[in-house]
Amino acid sequence: PVRRTLMPLCLLTSSIAILLPSATHRTPLARARAAPRAAAESVDEDLPRDLRSLAERARVAIRGAALSGVRGMLIDAAVPTLDPAVSDFDPSLLARFAVECARELHSLASLTGSGGRVLILVPGLSCAVAANQFAGEGEGEAEGGAVGADAAAADGESRFEIHSLGMAPLPSVSADPPAAVAVVGVPPSGDADDPTVQIARAWLRLVSSLAGERGAGPPSPPPLTLALNLRCGQLVELADFTDVCTLVPFSVLRRGGRGPLGRGEHPEEEQAKVLLWQLYPAPYRVLIAPPGGDGSRSPYEEVAALEERPDIARIGELVEDEVEAMRRRTASASSPASSP
């Protein structure tokens, strides 16, 4: 028997992350899909091809959402180098991405007149050290020196206050809240009392409560809040948050049966690359590209545009026909009859 699986694929590096359950469901369910929006070249123009372009697009989405009245924002960049749940995680890359997003939060807070500091909570000391270094770039003399991993810059005019999640202080309702909060990279945890998760949830709860209290009358807006690559499960505090940037790459793998005389399974064969891509306020786009390479230069074409985020089973249903068509074309091109 042959089965196909969707597997997270790193778009910005060449590594494969975690195998997910089978996403191919041969059912009579209708497969409503939008017509391809344009040629592959025009789709590719919208896609980030490196960390810098991803950060640029995320900042545009953050700005658009905030100016539309969104106060709680979600970013899911499921790239292994940015994902604390996988072994290829690179704390310095996540730190740079988080600081770039936080710069947009600060710019928006200044635009609305709230000003003040932006609190950034990141996973681990190494990520906090890197975030402080990146935050100091271009900050002027006030932030020119190095800053400790779990201490804000001494100067009161500092735009950013950065802490590692495990050592961050709990919020105080009696203290002035920050202008914005970025909760970044909370890793998976099997312990409900994990202090990292508890601190993150406390900050999310504080911001939500302040938003509710302030919405009734005071002119100052509630703090902007960004949740970036949280991997600690579903949190009730995020129920009213809005997806502003979603980048989830997959690889479609075909697995055969056992080899001759039962000597192990046939090797996995990549049949297609799939990408779930969304930027506020656009819909979620399911894109597909031929197999090969690390995905960073693949010619993606649009399969569907959806108003709600699809789960992995729905993505499998949407791309099944296209994957089969790619398989047939590959088989035809490699058959003896097609040889000159």
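The values are calculated or read from the model by the stated rules, or taken from the named source; none is laboratory data. Because the structure is a prediction, the values reported are computed rather than measured. Here the Cβ is made from the backbone with ideal geometry for all residues, glycine too, and neighbour counts use every protein chain on show. With ligands, DNA and RNA removed, areas are computed over all heavy atoms of the protein, side chains included. Shrake-Rupley method; radii C 1.70, N 1.55, O 1.52, S 1.80 Å.
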Query raised in the report: What pairs can you find where one residue is in region 45-65 and open to solvent by 50 Å² or more (accessible area, probe 1.4 Å), the other is assigned to a helix (DSSP H, G or I) and of a type in the set (G, A, S), and their Cβ atoms are less than 8 Å apart, with a gap of 6+ or different chains?
Result: R63/S107
Query raised in the report: (1) in contact with a strand residue (DSSP E or B) (Cβ under 7 Å, 6 or more places away or on another chain); (2) at pLDDT 90 or above; (3) farther than 22 Å from S126 by Cβ; (4) open to solvent by 10 Å² or more (accessible area, probe 1.4 Å): which one isn't true of G69, the others all being true?
Result: (1)
Query raised in the report: Scanning for something under 17 Å from the mean Cα position of the chain (by Cα), of a type outside the set (A, V, I, L, M) and modelled with pLDDT under 90, does region 48-56 turn up at least one residue?
Result: yes
Report task. Quick one: in region 72-85, of everything that is closer than 11 Å to N229 by Cβ and small (G, A, S), which residue is most open to solvent (accessible area, probe 1.4 Å)? Result -> A85
Query raised in the report: Can you tell me which of V319, V286 is of a type in the set (A, V, I, L, M), under 23 Å from L54 (Cβ atoms) and modelled with pLDDT of 95 or more?
Result: V286
Query raised in the report: Does any residue of region 115-132 turn out to be out of contact with any strand residue (DSSP E or B) (no Cβ under 9 Å at 6 or more places or on another chain), open to solvent by 40 Å² or more (accessible area, probe 1.4 Å) and modelled with pLDDT under 95?
Result: no
Query raised in the report: Of all residues in region 234-269, how many are open to solvent by 20 Å² or more (accessible area, probe 1.4 Å), of a type in the set (S, T, N, Q) and modelled with pLDDT under 90?
Result: 1
